[in-house]
Amino acid sequence: MQSNKLVKKMNKIYYLASCDTCRKIIKSLPENHNLVFQDIRQNPITETELEEMYTLSGSYEALFSKKAQLYKSMDLKNKSLTEADFKKYILEHYTFLSRPVFIIDGKIYIGNSQKNIAEVIKVLS
């Protein structure tokens, strides 16, 4: 149980090092932030990490990127996906996670919308 409390307190960003948008966002963060960085290609998210994100966001679909190339190439937009499908795809391939995902002080921020990133910068400042 002790380690679970530590996870909650640890502020984290799940991102892709090869993603220009993620790199731009990381550069814009305040200098004194205490984020733990996890490149999801080098260090894939675990089911436990995804379940924590799900608990905070309330939905696997909210964490799922419909902009991913694979989403189009696998023709997923023409399938009716369930929450279980979204979870399975995110765990199968990092590209399906809507990036970046920040977990800061027990709150989740998903994706790269300007509003979302402005909120993250405000919270970290």
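Here are the numbers for the structure shown:
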{"quantity": "Any hit, region 30-53, residues being in contact with a helix residue (DSSP H, G or I) (Cβ under 9 Å, 6 or more places away or on another chain), modelled with pLDDT of 95 or more, within 17 Å of residue 104 (Cβ to Cβ) and among the hydroxyl-bearing types (Ser, Thr, Tyr)", "calculated": "no"}
{"quantity": "Qualifying residue in region 72-85 (condition: of a type in the set (Ser, Thr, Tyr), assigned to a loop (DSSP other than H, G, I, E, B) and open to solvent by 80 Å² or more (accessible area, probe 1.4 Å))", "calculated": "yes"}
{"quantity": "Set 84, 68, 62: member being of a type in the set (Gly, Ala, Ser) and at pLDDT below 95", "calculated": "68"}
{"quantity": "Residue selected from region 94-119 under the condition touching a residue at least 40 places away in the same chain (Cβ under 8 Å) and of a type in the set (D, E, K, R), by the criterion least open to solvent (accessible area, probe 1.4 Å)", "calculated": "99"}
{"quantity": "Qualifying residue in region 39-46 (condition: out of contact with any strand residue (DSSP E or B) (no Cβ under 7 Å at 6 or more places or on another chain), in a helix (DSSP H, G or I) and in contact (Cβ under 8 Å) with a residue 24 or more places away in the chain)", "calculated": "no"}
{"quantity": "Positions within region 86-121 being of a type in the set (A, V, I, L, M, F, W, C) and not in a helix (DSSP H, G or I), in sequence order", "calculated": "97, 101, 102, 103, 104, 108, 110"}
{"quantity": "Scope region 47-71; condition open to solvent by 70 Å² or more (accessible area, probe 1.4 Å), in a helix (DSSP H, G or I), free of Cβ contacts under 8 Å to residues at least 40 places away in the same chain and not aromatic (Phe, Trp, Tyr); matching residues", "calculated": "48, 51, 55, 61, 69"}
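The values are calculated or read from the model by the stated rules, or taken from the named source; none is laboratory data. This is a predicted model, so every value here is computed, not measured. So basically every Cβ, Gly included, is an ideal-geometry build from the backbone, and we count neighbours across all protein chains shown. Quick note on the areas: whole protein, heavy atoms, side chains included, nothing else; ligands and nucleic acids left out. Shrake-Rupley method; radii C 1.70, N 1.55, O 1.52, S 1.80 Å.
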